[in-house]
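The values are calculated or read from the model by the stated rules, or taken from the named source; none is laboratory data. Nothing here was measured: the structure is a model prediction, and the numbers come from that model. Reconstructed Cβ throughout: ideal geometry from the backbone, glycine too, with neighbour counts over all protein chains shown.
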Amino acid sequence: MEGYEKLGYMALNVSDVSRSKDFYEKNVGLQASGDAEGIAFLRCSEDHHNIALYGADKPGLKRAGFEMKSAKALDDLGIRLASQGISILEVPAAERKLLGLGRAFRITEPSTGATYEFYDDMRQFGGQPFKPTVAKIQRLGHFVLKVRKFDEACRFHTEVLGFRISDRVDGMICFMRCHPNPYHHGVGLGCADEELLHHVNFMVTEVDDIGRAISRFNKAQVPIVNGPGRHPPSGSMFLYYLDPDGITVEYSFGMEEFPVEGARKPRVMEPIKASIDYWDSFLDPRKATVGAIERLTPFDPVKEKAA
Ligand SMILES: [Fe+2]
């Protein structure tokens with residue numbers, strides 16, 4: 001299977017679109033790339049958008065969008081999902097136009113309830129390169145979800161979606177790359193007692209991006225909730241902070257890259273704090289506490305109980 005190009009974009013629910021747009025533009029360093037029908041688009045690449053902000057009561061994850069390597073890769077994934085009994089919802093043409101997408105469909109990830117979207121292509125933003133401002137953002141890096149059915153969720157992401165495990169913190173966290181995309185993780189799952197968006201990550205270019213962010217956030221009273229620290233699994237230096245709704249956002253610098261073939265096997269790490277941060281850095285309890293997962297279809301508690 002040809003697989004994935006990359007994690008393409010995150011659609012986030014926020015309580016005040018213009019306030020959050022201002023934050024992601026001025027404090028995080030994304031570039032605004034248009035507003036339509038109440039949605040604010042921002043980018044950190046040549047794509048139409050890498051973040052889409054929607055107004056909603058409960059801040060958190062609306063959906064995650066994955067760009068496939070090709071139309072065939074999208075078809076192959078659709079066939080595999082259907083064979084597993086997963087319902088596929090084609091994104092209507094009017095919405096695809098709004099989002100700048102080619103063919104696209106959505107599913108509900110069975111364990112987390114998160115909406116995943118897969119598409120073959122996203123329009124480029126007028127061929128204009130992304131111009132970094134306050135941080136040299138390289139790309140939208142990854143997101144992590146908290147989930148109760150941790151083992152089931154790991155199985156679905158690997159066996160059905162075709163992600164590859166890069167490392168695991170035993171029974172706690174599973175880091176997966178969107179094969180053949182080389183980066184250590186595009187998606188992470190954390191074993192928890194709830195389903196929640198844990199954080200959204202942007203990869204930056206140099207250690208100075210982390211240092212400057214600490215000063216910028218302190219001046220702007222943006223809460224830093226963890227770090228600076230270093231993750232042993234990926235080797236990334238990290239800084240976690242909160243957006244205006246309290247959604248956790250991460251900058252990370254440096255990440256292991258994997259070859260398409262002959263990659264090292266996944267490591268299993270001890271489920272201890274040092275496996276997550278070997279600098280034992282500052283940690284605020286507000287980290288990863290806001291991030292409701294919006295369901296694609298209305299939540300049906302009877303069906304959920306039976307599952
Ligand atoms: Fe992360």
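Do we find that Ile293 is β-branched (Val, Ile, Thr) and within 16 Å of the ligand (Cβ to nearest atom) in this structure? Criteria not met by Ile293. Can we say Ser252 is within 13 Å of the ligand (Cβ to nearest atom), within 20 Å of the chain's Cα centre (by Cα), modelled with pLDDT under 95 and on the phi < 0 side of the Ramachandran plot? In short, no. Could you tell me whether Phe125 is of a type outside the set (Gly, Ala, Ser), within 21 Å of Ser33 (Cβ to Cβ), at pLDDT below 95 and more than 16 Å from the ligand (Cβ to nearest atom)? Yes; evaluated as a whole, the condition is true for this residue.
Among the candidates Pro244, Pro285, single out the residue that is surrounded by 13 or more Cβ atoms within 10 Å (Cβ to Cβ) and not in a strand (DSSP E or B). Result of the check over Pro244, Pro285: Pro244.
Within region 112-129, count every residue that is within 29 Å of Arg80 (Cα to Cα), part of a loop (DSSP other than H, G, I, E, B) and without any contact (Cβ under 8 Å) to a residue 60 or more places away in the chain. Here the count works out to 2. If you go through region 259-269 one residue at a time, do you hit one that is under 18 Å from the mean Cα position of the chain (by Cα) and assigned to a strand (DSSP E or B)? Within region 259-269 (the criterion being under 18 Å from the mean Cα position of the chain (by Cα) and assigned to a strand (DSSP E or B)), the answer is no, since none of the residues qualifies. Counting only residues that are within 15 Å of the ligand (Cβ to nearest atom) and without any contact (Cβ under 8 Å) to a residue 24 or more places away in the chain, how many does region 165-217 have? The number of residues fulfilling the criteria is 1. Look at region 247-267: where a residue is in contact (Cβ under 8 Å) with a residue 12 or more places away in the chain and not assigned by TED's automatic domain parsing to the domain that holds Tyr54 and a partner is exposed (fewer than 15 other Cβ atoms within 10 Å of the Cβ) and outside any loop (DSSP other than H, G, I, E, B), sitting 6+ places away or on another chain with Cβ atoms under 6 Å, you get Phe253/Val207.
If you go through region 65-83 one residue at a time, do you hit one that is among the acidic types (Asp, Glu), buried (at least 23 other Cβ atoms within 10 Å of the Cβ) and at pLDDT 95 or above? The answer is yes, given that some residue of region 65-83 is among the acidic types (Asp, Glu), buried (at least 23 other Cβ atoms within 10 Å of the Cβ) and at pLDDT 95 or above. Go through (1) at negative phi; (2) surrounded by 19 or more Cβ atoms within 10 Å (Cβ to Cβ) and name the single condition Gly100 misses. Of (1) at negative phi; (2) surrounded by 19 or more Cβ atoms within 10 Å (Cβ to Cβ), only one is false for Gly100: (1).
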